[in-house]
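**Student:** Following this message is one structure expressed as structure tokens.
The values are calculated or read from the model by the stated rules, or taken from the named source; none is laboratory data. Since the structure is predicted, the reported quantities are computational estimates derived from the model, not experimental observations. FYI the Cβ positions are ideal-geometry reconstructions off the backbone, even for glycines, and counts take in every protein chain you see. These area figures cover heavy atoms from the full protein model, side chains too; ligands, DNA and RNA do not enter into them. Shrake-Rupley method; radii C 1.70, N 1.55, O 1.52, S 1.80 Å.
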Amino acid sequence: MVNVLFVCLGNICRSPSAEGVFRALVERHGLACQVTADSAGTSAWNIGQPPDPRAQAEALRRGIDLSGLRARQAGRDDFHRFDYLLAMDHRNLAALAGLCPQEHEPRLHLFLDFAPDAAQREVGDPYSLGPEAFRHMFQLIETGARGLLRHIVRHDLGCEDLSA
């Protein structure tokens with residue numbers, strides 16, 4: 001089993017959206033028994049809260065239901081539970097690195113490192129912006145999720161491509 005954790009600041013916009021998109025992609029390819037996903041925030045601000053309504057609305061437009069997700073804070077135990085801890089931006093990557101036991105540092109990544117063709121390296125926080133920012137966030141997340149799943153299929157599951 002490959003376990004993936006998506007991490008942003010508050011766990012109400014970017015990381016739950018990435019969790020939802022990635023889970024849908026994993027299910028579409030019949031890999032739900034081999035790959036799991038979760039999300040967390042580096043802050044404790046929103047613990048127990050559902051994803052932002054704008055993220056939920058954009059997810060629903062794409063056929064993904066985020067309503068059952070609740071924010072939680074990332075902790076040291078996550079480095080033992082997850083094979084991939086994926087930060088949405090450099091700020092959250094640095095926060096995770098500060099918690100990470102040295103032996104688990106290879107598990108830390110910037111999410112869009114798995115999308116080398118993406119025009120940006122970070123999934124920006126849309127919280128204080130409008131609906132277009134949430135659409136753009138989902139586009140970046142979809143690109144990153146496809147690249148991440150291709151990587152996992154090749155490197156962790158030992159298959160050549162997603163059709164295998």
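**Student:** Calculate how large, on average over all directions, the projected area of the Cα convex hull of the range 1-93 is; give the answer in nm² to one decimal.
**Tutor:** For the Cα atoms of the range 1-93, the hull's average projected area reads 5.8 nm².
**Student:** Related question: Arrange the residues His155, His109, His104, His90 by how much accessible surface each exposes, largest first, with a 1.4 angstrom probe. Don't skip to the answer; put the middle values down first.
**Tutor:** Numbers: His155 125, His109 50, His104 25, His90 100 Å².
Reading off the accessible areas and sorting them downward yields His155, His90, His109, His104.
**Student:** Using a 10 Å cut-off on Cβ atoms, rank the peptides 72-80, 46-54 from the highest mean neighbour count down. Don't skip to the answer; put the middle values down first.
**Tutor:** Details: 72-80: 15.4, 46-54: 17.0.
Ranked from most to least packed, the peptides come out as 46-54, 72-80.
**Student:** Using the Kirkwood radius built from alpha carbon pairs, what does the Stokes-Einstein equation give as D for the range 41-82 at 4 °C and 1.567 mPa s, in µm² per second?
**Tutor:** Here the translational diffusion coefficient equals 112 µm²/s.
**Student:** Right, another one. Quick one: with all protein chains in place, what share of the accessible area of the chain is carbon or sulfur, to the nearest percent (1.4 Å probe)?
**Tutor:** Ligands and nucleic acids excluded, carbon and sulfur give 50 percent.
**Student:** Also, quick follow-up: Debye calculation, C-alpha points only, no solvent: report log10 I(q)/I(0) for the chain at q = 0.08, 0.15, 0.18 Å⁻¹, in the same order as the q values.
**Tutor:** Debye curve over Cα of the chain, log10 I(q)/I(0) at q = 0.08, 0.15, 0.18 Å⁻¹: -0.20, -0.74, -1.10.
**Student:** In terms of modelled amide H atoms, which long-range or inter-chain residues lie less than 5 Å from the amide H of Val2?
**Tutor:** Here Val35, Thr36 satisfy the definition.
**Student:** Charges at C-beta only: +1 for Lys and Arg, -1 for Asp and Glu. How large is the resulting dipole of the chain about its Cα centre, in Debye rounded to 20?
**Tutor:** With Lys and Arg at +1 and Asp and Glu at -1, about 300 debye.
**Student:** Another question, then. Taking the Cα centre of the chain as the origin and placing charges on Cβ (Lys, Arg +1; Asp, Glu -1), which of Leu25, Met1, Ala95 is farthest toward the positive end of the dipole?
**Tutor:** Leu25
**Student:** Once the range 53-143 is represented by equal point scatterers at the alpha-carbon sites, with solvent omitted, what log10 I(q)/I(0) does the Debye formula produce at q = 0.17 Å⁻¹?
**Tutor:** Values returned for q = 0.17 Å⁻¹ are -0.86.
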